[in-house]
Amino acid sequence: MDETNGRDMAERARTLTFVVGTGRCGSTALSRVLRLHPEVLSVSELIASVEPGALPEQPLTGGEFWQLLASSRPFADRMVREGAPLPEHLYPGVAGGRFSATGGGIPALCLTTLPHLTDEPDALFDALEPVLAGRGRAPVAEHYRALFAALAAHIEAGRAEAEHTEAEHTGGEGPLRAVVERSGFSLGSVPRLRAAFPEARFVHLYRDGPDCALSMSRHAGFRLLRTAAQAEEGSEEQEIAAALGELTADDGFDLRGVLERPVPVERFGALWSGMITEGLAHLADVPAELRASLSYEDLLDAPEPELTALARHIGVEPHPAWLKSASALLDGARRGASAALPPPERARLAESCAPGM
């Protein structure tokens, strides 16, 4: 077997799973948990960072695909310049990073995906370019699979080097057998993900509606989304989200004023309910053997059995050492926040969440 065929077989052997949800449902914590698993390539916020246009229907050249990953997103850059970066965007906190929101923009791939995997995202970004940009024209899913294979090869090479030098090696780390991509605000993307990746498995991570909606109300991205939706009544949330990039690219747009404008918390409850009801309809079309559900509250209450079921669904072993370290990472203090709201506000929020609940 030649080396190229060996790589192709290894790539096909990896399972691919998308964790989907409304956002603010505990999915960032789940990405961190999955990153601890020795057989999982945890891909955080890739699709969300590359949107809009992350899944074009027409084939792309490798150069066009690389441009999709390497170009910046006006919305993310503007939030950084305003001093309100989204908490899931890790690159603004990278020491010595050469990209900036004021100096040409931060590449979409660097916003979260690469800093989630390495302390040297710029070096990994540079290493990926010749691998991906030189590919021929192909469906976008094939380019993403090549990206996953390159990321897996980078991690496996790093482990081999660590084992050779006996530095930071924990043992028991074999090849990566599963790729798990997790993006917030992704329930509406299920049909497009299924069309591009028909073999993919799905995990719907969900959280108590009032708690999730309250968390949305405190998140700059969701606040901007809801305020924009007030002016675009009747438009799809995904369409409004896609338009935010163009809106925030205009420095004359009063982003700070919009972020500080009061928005009743029940509007976020309505947002949550709409995303859940629409998303469950999309997930119902996924074959039963390819989909699973995971409650954030159940994950906090009984992490080991929930993570065991998750591991088996994505195609890896629930190693005891992973279960122990993953359980320690989860923060049970984040639940039940909506119970502290004043009773009238809590009642309005509960009513707005009722359809999704």
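The values are calculated or read from the model by the stated rules, or taken from the named source; none is laboratory data. Predicted, not measured: the structure shown is a model, and the values here were computed from it. With ideal geometry, Cβ positions are generated from the backbone for all residues, glycine too; neighbour counts draw on all protein chains shown. Please note that ligands, DNA and RNA were not included when accessible areas were found on the heavy atoms of the full protein model with its side chains. Shrake-Rupley method; radii C 1.70, N 1.55, O 1.52, S 1.80 Å.
Couple of notes before you dig in:
- Candidates Ala152, Ala160, Ala195, Ala167, filtered to the one that is under 27 Å from His319 (Cβ atoms), modelled with pLDDT of 95 or more and either assigned to a helix (DSSP H, G or I) or among the hydrophobic types (A, V, I, L, M, F, W, C) (or both): Ala152
- Taken over the range 93-120, the residue count meeting the criterion of being under 17 Å from the mean Cα position of the chain (by Cα) and open to solvent by 30 Å² or more (accessible area, probe 1.4 Å) is 1.
- Residue count for the range 78-128, restricted to those that are of a type in the set (A, V, I, L, M, F, W, C) and in a helix (DSSP H, G or I): 13
- Inspection of the range 261-279 finds no residue satisfying the criterion of being modelled with pLDDT of 95 or more, surrounded by 14 or more Cβ atoms within 10 Å (Cβ to Cβ) and more than 30 Å from Met79 (Cβ to Cβ).
- Considering residues of the range 313-340 that are closer than 27 Å to Met216 by Cβ and not aliphatic (A, V, I, L, M) only, the residue surrounded by the most Cβ atoms within 10 Å (Cβ to Cβ): Ser338
- Taking residues in the range 101-119 that are closer than 11 Å to Ser49 by Cβ, and partners anywhere that are basic (Lys, Arg) and part of a helix (DSSP H, G or I), the pairs with Cβ atoms closer than 7 Å and at least 6 places apart or on different chains are His116/Arg35.
- Filter result for Phe75 (open to solvent by 20 Å² or more (accessible area, probe 1.4 Å) and either in a loop (DSSP other than H, G, I, E, B) or touching a Leu at 6+ places or on another chain (Cβ under 8 Å) (or both)): yes
- Subset tally (residues that are open to solvent by 10 Å² or more (accessible area, probe 1.4 Å) and over 18 Å from Gly23 (Cα atoms)) for the range 79-92: 5
- Meets criteria (open to solvent by 40 Å² or more (accessible area, probe 1.4 Å) and in contact (Cβ under 8 Å) with a residue 60 or more places away in the chain) for Thr28: yes
- Test result for Leu310, crowded, with 16+ Cβ neighbours inside 10 Å, in a helix (DSSP H, G or I) and free of Cβ contacts under 8 Å to residues at least 60 places away in the same chain: no
- Where Gly252 falls short, out of the listed (1) farther than 21 Å from Ala213 by Cα; (2) in a helix (DSSP H, G or I); (3) open to solvent by 40 Å² or more (accessible area, probe 1.4 Å): (2)
- Within the range 191-205, the only residue that satisfies the criterion of being of a type in the set (D, E, K, R) and surrounded by fewer than 16 Cβ atoms within 10 Å (Cβ to Cβ) is Glu199.
Okay, residues lined up against (1) at pLDDT 95 or above; (2) closer than 17 Å to Gly26 by Cα:
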| residue | (1), (2) |
| --- | --- |
| Asp254 | no, no |
| Leu283 | yes, no |
| Glu289 | yes, no |
| Ser295 | yes, yes |
| Glu304 | yes, yes |
| Leu310 | yes, yes |
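- The range 128-145, subset within 22 Å of the chain's Cα centre (by Cα) and hydrophobic (A, V, I, L, M, F, W, C), residue surrounded by the fewest Cβ atoms within 10 Å (Cβ to Cβ): Ala141
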